[in-house]
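None of the figures in this text is laboratory data; all of them are computed from the coordinates on show. Quantities reported herein were computed from a predicted structural model and do not represent experimental measurements. Positions of Cβ are generated from backbone atoms using ideal geometry, with glycine treated the same way; all protein chains shown enter the neighbour counts.
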Amino acid sequence: MEQGIISNYQQKINAAAAQAEKFRKLSAASSLYRLVVFGLMIVAVVTGAEFDNFTTIILAFIVLALCFASLVARQSKYEEQKKYFLNIVQIAENEVQSITNGKNIYTDGRDFTDDKHHYTSDLDIFGDASLFKLINRSATTRGNKILAGWLSAPSTRDDILSRQQAAQELSADMEWKHHLQAILLFAKMGNNDQLESLFKYLQTPLELAGKRWIWPYIKIAPYLLAGAIVAGIFYSPAYPAAIIIAIFNTWLIVKNGGFIAKSGLIADKMGEVLANYARVFESLETKKFESATSRGMAGKLREQGTSKKIAELSELINKYSYSLIMLVGFVLNVFFIWALKQSIAIEDWKSSNRQNLEESFDTVGSFEALLSLAGVRINYPNWTYPLIDERAGYTLNAINLAHPLINERVRVANDYLLDNTRSIDIITGSNMAGKSTFLRTIGINTVLALAGAPVCASSMKISVLHVISYMRIKDSLNESTSTFKAEIDRLKMLLTIVSENDKVFLLIDEMLRGTNSVDKYRGSKAVIEQLIAKKGVGMVATHDLQIAELEKKYPNYIRNFYFDIQVQDGEMQFDYKIKHGECKTFNASLLLQQIGIYVDPV
């Protein structure tokens with residue numbers, strides 16, 4: 001299965017690379033033709049001067065200049081196409097790397113790491129070798145935040161089902177998925193903080209004093225100056241009028257310099273960034289979606305004319321930036337009062353269009369998060385979308401459930417059944433037999449399921465559960481917290497959440513490691529009995545076999561499971577398969593013997 005998917009990506013890489021090479025050659029040819037045309041322009045000027053034929057010079061210069069401009073525009077398009085197909089190559093290569101060795105050009109979400117979160121740290125949701133790193137395909141800051149939010153808390157049943165539907169639709173159209181990723185790749189390379197600054201800037205429109213008369217004057221200023229210059233050619237006393245108009249135009253620029261400077265805060269590189277986003281919005285607006293979620297988001301963009309509005313702002317900013325070019329800017333400002341004209345146009349745009357802009361960029365982020373979920377289905381087609389149970393009890397039924405971050409060639413799948421009921425499952429077993437991995441397997445697949453993604457299983461049915469984990473308890477020198485105190489704090493939080501919330505699913509791995517064995521057993525037993533009294537549901541993994549005896553006291557609530565080992569010729573064999581009952585096999589003594597420490601038999 002894996003090889004077939006990689007082969008498909010490799011074909012895509014080869015095809016896109018061929019297209020990129022084609023447009024590279026066309027761009028190089030256009031560049032060569034430009035040199036030829038430029039040379040012809042020089043020849044035409046020299047020849048015309050030699051024969052004293054000014055008309056020939058002018059006509060040849062105009063024709064060749066138009067050819068030169070056409071070649072420049074054509075080369076720009078070729079370069080754009082080349083870049084697009086190189087982006088497709090990069091995206092497809094990234095999928096191959098993700099499948100084969102877990103690498104990803106997109107962020108691994110380490111900025112969202114929170115050791116105090118209910119489960120993200122324990123279940124490896126963010127950071128290196130994490131779930132986020134495996135599935136994330138968001139180039140924008142907002143896309144990353146939205147996906148992180150989906151993985152950090154369960155969604156409603158309706159939201160989960162709508163995301164499943166949208167992700168399935170996107171996964172069925174891999175070409176368009178990669179197209180959107182390709183035109184969004186610039187955002188990963190760029191400065192997303194610049195976009196956040198744009199939103200803040202757009203929420204503070206500026207008022208220009210005297211705009212009522214300045215704007216009408218700006219419209220006629222070029223004609224006044226041009227007319228005065230032409231008049232001066234035929235009647236020299238008219239020249240001073242042209243000079244006065246030029247000075248007045250320059251004075252207007254200087255007088256309103258503060259207004260122009262504030263309006264131009266976003267001009268640096270934002271025009272190109274917004275032009276790229278306009279292309280993204282256009283792709284979303286013109287795509288016909290079947291799923292209700294995607295159709296609704298794209299329809300709203302279409303109704304608001306978002307791509308057109310963003311393109312307009314991009315063009316205004318680009319026009320403003322012309323005034324920053326020294327010689328060109330001087331001429332434009334003298335004749336057209338250019339910087340002030342474009343600043344006023346930008347402010348008018350802000351007043352008319354700023355309301356829904358930020359929401360539109362959130363829509364792009366939502367689509368990126370959906371692309372991430374869709375990518376899971378494409379890369380791992382044997383994974384399944386879970387059924388979301390709406391019954392009142394707790395449901396977590398899974399067949400061939402495995403850990404998505406363990407390579408499929410070595411990971412071991414297990415079945416688990418919790419069908420519309422309540423129980424606490426005690427999981428005992430030898431060291432390294434698979435208890436902790438199984439708890440994390442349950443947890444990370446639950447996170448995937450409740451985000452709307454496929455899960456690493458043959459089938460799954462699950463309620464909307466609130467996962468709370470107790471696994472990697474850390475001390476803190478900064479907070480003067482010992483390991484035991486950190487464990488107590490975590491248990492307090494856990495018990496409080498169980499008391500105050502419904503549908504909480506607990507994943508507890510070896511309680512109270514920071515104290516002696518007697519207190520550890522008594523404390524663990526007391527916690528489990530409190531959880532039973534509060535009707536808590538979940539799993540408790542422990543080395544303490546006495547905890548398994550609670551099943552006798554609470555036969556209708558406690559279930560025992562275990563992982564064991566087989567010892568053959570002094571070697572430990574692990575099958576990592578969960579079984580019903582209590583563990584009877586130990587391996588700590590054998591492990592110590594392998595490093596030269598011999599334990600006396602009891």
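So how tilted is helix 517-533 from the main axis of the chain? Cα-based, degrees 0 to 90, rounded to 10.
Computed tilt is about 70 degrees.
Beyond 29 Å between alpha-carbons counts as too far, so tell me which of Lys188/Lys492; Lys200/Lys503; Lys25/Lys287; Lys103/Lys579; Lys287/Lys309 fall in that bin. Walk me through the numbers on the way to the answer.
Numbers: Lys188/Lys492 41 Å; Lys200/Lys503 40 Å; Lys25/Lys287 31 Å; Lys103/Lys579 34 Å; Lys287/Lys309 18 Å.
Long pairs (Cα-Cα over 29 Å): Lys188/Lys492; Lys200/Lys503; Lys25/Lys287; Lys103/Lys579.
Leaving out same-chain residues fewer than 8 places away, which aspartates and glutamates sit with a Cα under 15 Å from that of Lys77?
In chain and number order, the partners are Glu21, Glu272.
Taking the DSSP beta bridges in the chain as the whole, what percent of them are antiparallel, to the nearest 5? Present the calculation step by step, with values, prior to reporting the outcome.
Details: 15 of 38 bridges.
Roughly 40 percent of the beta bridges in the chain run antiparallel, per DSSP.
Compare the Cα positions of Asn276, Asn445, Ile565 along the charge dipole of the chain (+1 at Cβ of Lys, Arg; -1 at Cβ of Asp, Glu; about the Cα centre) and return the one farthest towards the positive end.
Value computed over the given set: Asn276.
Can you put Tyr217, Tyr322, Tyr106 in order, fewest other beta carbons within 10 Å first? List each step's numbers first, then the result.
Details: Tyr217 14, Tyr322 17, Tyr106 23.
With the sparsest Cβ surroundings first, the list reads Tyr217, Tyr322, Tyr106.
Using the number of other C-beta atoms within 10 angstrom as an exposure proxy, rank Phe132, Phe259, Phe561 with the fewest first. Numbers along the way, then the final one.
Details: Phe132 26, Phe259 19, Phe561 22.
In increasing order of surrounding Cβ atoms, one gets Phe259, Phe561, Phe132.
Hand me the trypsin sites (Lys or Arg not before Pro) from the range 279-331 located in a DSSP loop with no more than 11 other Cβ atoms within 10 Å, in residue order please.
Values: sites: Arg279, Lys287, Lys288, Arg295, Lys300, Arg302, Lys308, Lys309, Lys319; in loops: Lys287, Lys288.
Passing sites in the range 279-331 are Lys288.
Mind checking the dipole of the chain: about its Cα centre, +1 per Lys or Arg Cβ, -1 per Asp or Glu Cβ, Debye to the nearest 20? All intermediate terms of the calculation are to be shown ahead of the outcome.
Values: 65 positive and 62 negative charges, 266 e Å.
Dipole size: approximately 1280 debye.
Where the only charges are on Cβ atoms (+1 Lys, Arg; -1 Asp, Glu), what is the dipole of the range 409-527 about its Cα centre, to the nearest 20 debye? Let's see the in-between values first.
Working: 16 positive and 12 negative charges, 51 e Å.
Dipole of the range 409-527, to the nearest 20 debye: 240 debye.
When the dipole is taken about the Cα centre of the range 387-593, and only Lys, Arg (+1) and Asp, Glu (-1) are charged at their Cβ, what size is it in debye, to the nearest 20? If you can, show how the numbers build up before the last one.
On the way: 25 positive and 24 negative charges, 58 e Å.
Computed about the Cα centre, the dipole is about 280 debye.
In Å, what Rg and Dmax follow from the Cα atoms of the range 329-456?
26.5, 85
Measure nothing fancy, just the Cα-based angle from helix 174-189's long axis to the longest principal axis of the chain, in degrees from 0 to 90, nearest 10.
70
Evaluate the relative contact order of the chain (contact order divided by residue number), counting alpha-carbon pairs under 8 angstrom at least 6 apart; express in whole percent. Working shown, then result.
Numbers: 891 pairs, mean separation 84.8, N = 602.
Computed over the chain, the figure is 14 percent.
Under the Kirkwood approximation applied to all pairs of distinct alpha-carbon atoms, what is the hydrodynamic radius of the chain in Å?
Numbers: mean 1/r = 0.0341 Å⁻¹.
About 29.4 Å, per the Kirkwood formula over Cα pairs.
Summing -39500 (n - 2.57) over the DSSP H runs of n ≥ 4 in the chain and dividing by its residue number, what mean residue ellipticity at 222 nm do you reach, to the nearest 500 deg cm²/dmol? Can you show the working numbers first?
On the way: 21 runs with 366 residues, N = 602.
Estimated from H runs of four or more residues: -20500 deg cm²/dmol.
Hey, fewest Cβ within 10 Å first, where do Ser360, Ser352, Ser31 land in order?
On the way: Ser360 20, Ser352 11, Ser31 14.
Ranked by crowding around the Cβ, least crowded first: Ser352, Ser31, Ser360.
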